[in-house]
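The block underneath contains the structure these notes are about, expressed in structure tokens.
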Amino acid sequence: MDSILYKKASQAADWLLPKKCLVCCNVNPNRDHPCCDECYQTLPFQRNCCQQCGQALAANQDYCGRCIESPPHFDTCFCPFEYESPISEQICALKYNQHPELAKSVAQLLAREIKKFAIELPEALIPVPLHISRLRGRGFNQSTLIARELGKLLQLPVRTNVVAKHRATQAQARQTLKQRKKNLRNSFKLKKDLRLQRVAIVDDVVTTGSTTGEIAKILKKNGVDYVQVWGVAHTL
Ligand SMILES: [Zn+2]
Ligand SMILES: [Zn+2]
């Protein structure tokens, strides 16, 4: 992504668009959050979910059956919202309708919850990389844009140059968990030494955690001790 273009689009949006609540469209007095206080209460917050993979759980359990049997390579996952309206519309508009300037409000949604729940902060943020062919098609990596805005809000460095997706993979939407894992195997590689102990992988939406799990595997092989996954929303 051309970061200068993105910066300009983001600044233009700040100047031109009145600060409206993304839910009710009334004037939003909150400068650091895209919703007014009333609408904030109505957002689709995740309720009880697995402390390792972030999947919604019905009862008051701490871990899902899958994580007890065969845990992912990351240690914990924080996705504060369910992938439902209005969160899903924001993410879709950012990703598919060419609105990179929305990365800021999406990051604000996530940052507020990270602060609210006093989530442990890592040394650096690592956005989920896109394969170069996907990046060329879209023109930007939404996870990188979200991570950069999040980095500003939480004062954390963003490392975009350490993990690369070196093999294009098929779209995963209709694949089973087993197919996803097979599809993703060895599709990421480390580009340079990390020298970090604690990192958070940043994604827009976390589904099965197969992608982030594959990245976490590489990070852990290369000396990272503690890997968190941060996503705005979680879905299956
Ligand atoms: Zn509102
Ligand atoms: Zn789990």
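For region 42-55, filtered to residues that are within 16 Å of ligand 1 (Cβ to nearest atom) and either part of a loop (DSSP other than H, G, I, E, B) or under 15 Å from the mean Cα position of the chain (by Cα) (or both), the residue that is farthest from LYS181 (Cα to Cα) is THR42. CYS39 meets all of the listed conditions (1) in a loop (DSSP other than H, G, I, E, B); (2) within 16 Å of ligand 1 (Cβ to nearest atom); (3) over 28 Å from PRO157 (Cβ atoms) but one, namely (1). So for region 119-135 (the condition being within 16 Å of ligand 2 (Cβ to nearest atom), in contact (Cβ under 8 Å) with a residue 24 or more places away in the chain, under 24 Å from ARG195 (Cβ atoms) and surrounded by fewer than 19 Cβ atoms within 10 Å (Cβ to Cβ)), does at least one residue qualify? There is no residue in region 119-135 that is within 16 Å of ligand 2 (Cβ to nearest atom), in contact (Cβ under 8 Å) with a residue 24 or more places away in the chain, under 24 Å from ARG195 (Cβ atoms) and surrounded by fewer than 19 Cβ atoms within 10 Å (Cβ to Cβ). Here GLN61, GLN55, GLN51 are screened, and the one residue that is within 16 Å of ligand 2 (Cβ to nearest atom) and either within 23 Å of LEU154 (Cβ to Cβ) or of a type in the set (Gly, Ala, Ser) (or both) is GLN51. If you check CYS35, CYS77, CYS53 for being touching a residue at least 12 places away in the same chain (Cβ under 8 Å), closer than 26 Å to LEU135 by Cβ, surrounded by 18 or more Cβ atoms within 10 Å (Cβ to Cβ) and in contact with a Cys (Cβ under 8 Å, 6 or more places away or on another chain), only one passes: CYS77.
Looking at region 56-82, which of the residues that are charged (D, E, K, R) and in a loop (DSSP other than H, G, I, E, B) is nearest to ligand 1 (Cβ to nearest atom)? It comes out as ASP62. Scanning region 16-51 for residues that are farther than 29 Å from THR207 by Cβ and of a type in the set (Val, Ile, Thr) yields a single hit, VAL27.
Read the figures in this text as sums done on the coordinates, not as results from a lab. Since we're looking at a predicted model, the values are computed, not measured. No Cβ is skipped: glycine too gets one built from the backbone with ideal geometry, and neighbour counts run over all protein chains shown.
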